[in-house]
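Here is the structure we will look at.
The values are calculated or read from the model by the stated rules, or taken from the named source; none is laboratory data. Source: prediction; values computed, not measured. Methodologically, a virtual Cβ is constructed for each residue, glycine included, from the backbone with ideal geometry; neighbour enumeration extends over all protein chains shown. When the accessible area is computed, the model is the full protein with side chains, heavy atoms only, and any ligands, DNA or RNA have been set aside. Shrake-Rupley method; radii C 1.70, N 1.55, O 1.52, S 1.80 Å.
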Amino acid sequence: MRRCSVIALAACSAGLLAPASADAARKRAPELTRIRCVPAASATCKSGVKVTVGRQLQLSGRRVYKGMRVSFRWTRGALATKLDRSRVGYVARVPPGTRAGTVQVTVSDRAGRRSNAIRITVTAPPRVGGPAPQQPGALPDVFRGNGMWIWQLPSSEGGDAAAIGARARASGISTVFVKSSDGASSRWGQFSAESVAALKAQGLRVCAWQYVYGNDPAGEAALGADAVADGADCLVIDAESEYKGKYDAAREYMGALRAAVGPAYPIGFTSFPYVDYHDSLPYSVFLGPGGANANLPQVYWKDIGNTVEAVSGRTLAQNRVYGVPIAPIGQTYDNAPPAEIAQFRSLWAAYGSAGVSWWSWQATSEPGWAALAAAVASPPLPPPDPGWPALARGNSGDQVLWLQQRLASAVPSVARTGTFDAATDAGLREFQAARGLPVTGTTDALTWQAVLGPRHAVGLYVKRRLN
């Protein structure tokens, strides 16, 4: 868990959206002249553009080219994607997490020159099966309620267990996550049987977290098991940029760790919240069968540079496909406004999350502690469904690999390549036809739920992962 992880996220997003065209050197700003639905004959386009989250739009204009940043902006937030080229022209999908209602669409080039805005109406995707159900026991108890992350124990109430306990009780904190190791050779002395016992004596649940790199997965798993032996109530794996592309290492690490601690021991996984910005990181291993039983994405909205609503919606949309209970990590560092901390708690409670936690103890201000101590308020209206990843031919990355793994049991011809190729397109269309779904070759809410299987609940949680 490192602050630079969010900076890396922002840098990655900038790189993702950077245009490759030489036209970026042009001095005049782009100009949008028209936005249409795809297909253009859609009945919703007869009197203004009305599009569902995850569907495509065709954009026309001057000085518009492939790779430009397409922004979907509303009063208190914005999400972006990149402009692509297809047989119908330049297209972009409405990103999952975009707020339903009136949205302004703009395009911008590498130099930041932004076009005029065209207003469209965005509708939320269908919430299949009704509102998100509450499923007691889906999230391991240790991750429920309010948690707080401790990076450096001596900098958190001076490392005094009694002072930590007093502050935790006053602020409604039930679990502390204390760093136990870094890599395979650096075991942190602050996490020991003695420190764990002292914190537990204050009525706290005590979890270890380790930062892993994937260079020595067996050694890292051994340090994780050591923390469990010291009395940790749970272990959280923090895998970030260093783990990109290391699928074999992730499998070796998870296999060794589960062999040491058992199949039911509560393990959490934390990393970047936007899976599509870090699509070579093996989320599908850490969150797959035999992996973690809690997903703790780092939803640091202020560092990412967007609103609580926008960042949370996109995070839910990107992570829900793995079918592991989500208990997000919010931001109390960098003087996060108390009103936004309260909004984060309220929104995720409305999403159905049974637990949240906060980064970090030593960086939380007094107003931040007060915001944690306050009761959670219900939002004035239920939040709209933020959508599901819309994958189609040409996409690649971990979400595609996860889709292929789920599809392969029904359509054996689908290979697990991580690339949405012609065989995956044909397999998905065959699957959609067999299930009586619209045959589009694109994943939407109905398709994802069918692919994930009957045991997948509509909200955040499932009773158990598919095998």
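Quick notes
- Here the contact order of the chain, divided by its residue count and restricted to Cα pairs under 8 Å and six or more residues apart, works out to 15 percent.
- Highest mean packing first, where packing is the average number of other Cβ atoms within 10 Å per residue, the peptides 172-182, 388-398 line up as 172-182, 388-398.
- Distance from the alpha carbon centroid of segment 381-455 to that of segment 258-307 works out to 21 angstrom.
- Largest-first principal axis extents, alpha carbons of segment 173-327, Å: 42, 36, 26
- Note on segment 309-426: Cα-only Rg and Dmax are 18.7, 57 Å.
- In the chain, the DSSP-assigned H stretches of four residues or longer account for a calculated mean residue ellipticity at 222 nm of -8500 deg cm²/dmol, using -39500 (n - 2.57) per stretch and the full residue count as denominator.
- Computed from point charges on the beta carbon alone (+1 for Lys and Arg, -1 for Asp and Glu), the dipole magnitude for the chain about its Cα centre is near 2380 Debye.
- Cβ crowding within 10 Å averaged over residues, with 49-56, 294-301, 243-250 ranked highest first: 294-301, 49-56, 243-250
- Fully extended contour minus Cα-Cα distance, from Ala162 to Val376, at 0.36 nm per residue: 74.4 nm
- Farthest positive-ward along the chain dipole, Cα basis, beta-carbon charges - from Gly453, Leu437, Gly48: Gly48
- Farthest towards the positive end of the charge dipole of the chain, among the residues Gly61, Ile304, Leu316, is the Cα of Gly61, using unit charges on the Cβ of Lys, Arg, Asp and Glu.
- Between the alpha-carbon centres of segment 201-257 and segment 313-330 there is a gap of 20 Å.
- Overall Cα dimensions of segment 247-379, principal axis frame, Å, largest first: 43, 28, 26
- Cα convex hull volume per residue for segment 346-391 (Å³): 117 Å³
- In terms of accessible area, using a 1.4 Å probe and ignoring ligands and nucleic acids, Arg167, Arg187 rank largest first as Arg187, Arg167.
- Placing unit charges on each Cβ (+1 for Lys and Arg, -1 for Asp and Glu) gives segment 317-434 a dipole about its Cα centre, and among Ala375, Val411, Gly352 the Cα reaching farthest toward its positive end belongs to Val411.
- Taking only protein heavy atoms and a 1.4 Å probe, the accessible area of the chain is 52% carbon and sulfur.
- Unit Cα scatterers, Debye sum, the chain: log10 I(q)/I(0) for q = 0.07, 0.12, 0.13 Å⁻¹: -0.36, -1.06, -1.22
- Descending Cα extents along the principal axes, segment 150-265, whole Å: 44, 27, 23
- Summary of packing: across the peptides 105-115, 373-383, 232-242, 216-226, the per-residue average of other C-beta atoms within 10 Å ranks them, highest first, as 232-242, 216-226, 105-115, 373-383.
- Net lengthening on full extension, Arg119/Arg87 (0.36 nm per residue, minus Cα-Cα): 9.1 nm
- Size of electric dipole in segment 186-241: Cβ of Lys, Arg +1 and of Asp, Glu -1, about Cα centre, debye, nearest 20: 220 debye
- Accessible area of the chain divided out per residue, in Å², using a probe of 1.4 angstrom: 39 Å²
- Computed FRET value (nearest 0.05) for Ser413 with Ala264, which takes r as the C-beta separation and R₀ as 35 Å: 0.50
- Alpha carbon convex hull of segment 383-429, projected area averaged over orientations, nm²: 3.6 nm²
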